[in-house]
1. How would A:T169, A:T35 rank on accessible area, largest to smallest, probe 1.4 Å?
2. For the stretch A:143-159, in order, what is each residue's ³J(HN,Hα) by Karplus, 6.51 cos²θ - 1.76 cosθ + 1.60 with θ = phi - 60°, in whole Hz (x at glycine and Pro)?
3. So what J values fall out for the stretch A:74-80 if you push phi through Karplus, 6.51 cos²θ - 1.76 cosθ + 1.60 with θ = phi - 60°, rounded to Hz, Gly and Pro as x?
4. Can you tell me the FRET efficiency between A:S30 and B:L16 if r is taken as the Cβ-Cβ distance and R0 is 35 Å, rounded to the nearest 0.05?
5. What percent does the relative contact order of the stretch A:127-175 come to when contacts are Cα pairs within less than 8 Å and at least six residues apart?
6. Tell me: how much accessible area in total is hidden between A and B, 1.4 Å probe, Å², nearest 100?
7. With a cut-off of 8 Å between alpha carbons and a minimum separation of six or more residues, what is the relative contact order of the stretch A:1-89 in percent?
8. Quick one: what are the phi-derived ³J(HN,Hα) couplings along the stretch A:81-87, Karplus 6.51/-1.76/1.60 with θ = phi - 60°, whole Hz, x for glycine and proline?
Amino acid sequence: MMDPSDSELIERTLKGDEGAFAELVRRYQSAVWGTVHRVLGYSSENEDAVQEVFLRAYAALRRFDHRYPFGPWVTRIATNYCIDQLRRKRSRKVQLWSELREHEQERLLRDLSMERGSAEGASGTGDPEGYVRVARALLDGLNPKYRAAFILREVDDKDYSEVAAALGTSEVTARVRVSRARAELQRKFRAYLSSCGAGERER
Amino acid sequence: MKRACALLDRYRDGELDDAGRESFERHLAGCGECRARLRLLDNLVRALKMEPVRTVDLSARIARRAFAPAPTWYTLVASCFPPRLALAAAALGVLLFVFAWFLPGSRTVSAYTEYEKLLNEAEASNLAGRLLVQNDSELLLQLISQEE
Ligand SMILES: [Zn+2]
């Protein structure tokens, strides 16, 4: 027997079939976990975020146009939710960066500005958790809209039309946001470098 | 910043044709600024992609919550008080109920009241034909993000 299509599940959900909605959630929850984690960063609150995204989707489900795929629509709800959370709780992420000792900061910054594959560079074998910390510290300083755009494009590898769909903007706006995020990240990275006195090593 | 630096995004996104790519790569050889940005992005993105995403199956719990009856004013009031105060809360609730009964549209308090308000706004704007030209869910979410 063939698995029911998304739109069949949606129809059954709207008729009151709880199991059908559970199946729909099962199909898309890992995508939503991913969006929440990548945009917001790891937190024990992510579970609440995932639930909230699907409850919002459920609340809006009867207005969902079945001709469109469900995945991008729920990604959009997730993205909106995350941006909103970032706006409300700027202090959600503790100061991971400042928790690091000065020499750790300097080493990570030096690694991150190195060419791929260099012996102690960010080749993935060095200190992945440390790099993630730096990346998170830099991302935390970005405008939530730029940050979401950057994650969708660079980390989730979505093309600009998908980024635009998730953000609810035009493709041009999506491009502008990704481009600004890239430039901002470099600017903030420089600021960190100079605060560690490691600036001359960047080039 | 040189003019060619503006092509960095197109280059990173793999959108330049062969000739464009070659000329940007010549630019890169002489532009430390662009080189540094590309290197940094490479390294940051690689680190972020390696980060494992923890997932837990929430499907049954979410479906149960979605299908639970919307909390009504008395369950909300009751949940604010310890059991010994429940009676007082119930009495207060009766008063509130009598009051609320005469307010149009406030007979139940849904967890998604604000959200539903937005849905209704979107529906109202359908009259202006706006929903005919785009997916209504997109318009909805626009309304919601404006609101936020
Ligand atoms: Zn340049």
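1. Details: A:T169 35, A:T35 10 Å².
Most to least solvent-accessible, the answer reads A:T169, A:T35.
2. For the stretch A:143-159, the Karplus curve yields 3, x, 5, 5, 4, 5, 4, 4, 4, 4, 6, 7, 8, 8, 6, 7, 7 Hz.
3. Once rounded to whole Hz, the list reads 6, 4, 5, 4, 4, 5, 4.
4. On the way: r = 34 Å, r/R0 = 0.96.
Efficiency computed from Cβ-Cβ geometry: 0.55.
5. 22
6. Values: alone 12000 and 12330 Å², together 18540 Å².
Approximately 5800 Å² gets buried when A meets B.
7. Value for the stretch A:1-89: 30 percent.
8. Each residue's phi maps through the Karplus curve to give 4, 5, 4, 4, 4, 5, 5 Hz.
The values are calculated or read from the model by the stated rules, or taken from the named source; none is laboratory data. Not measured: the values here are computed from a predicted model. Don't worry about glycine lacking a Cβ; one is built from the backbone with ideal geometry, like all the others, and counts go over all protein chains shown. Surface areas here come from the heavy atoms of the whole protein model, side chains and all, with no ligands, DNA or RNA. Shrake-Rupley method; radii C 1.70, N 1.55, O 1.52, S 1.80 Å.
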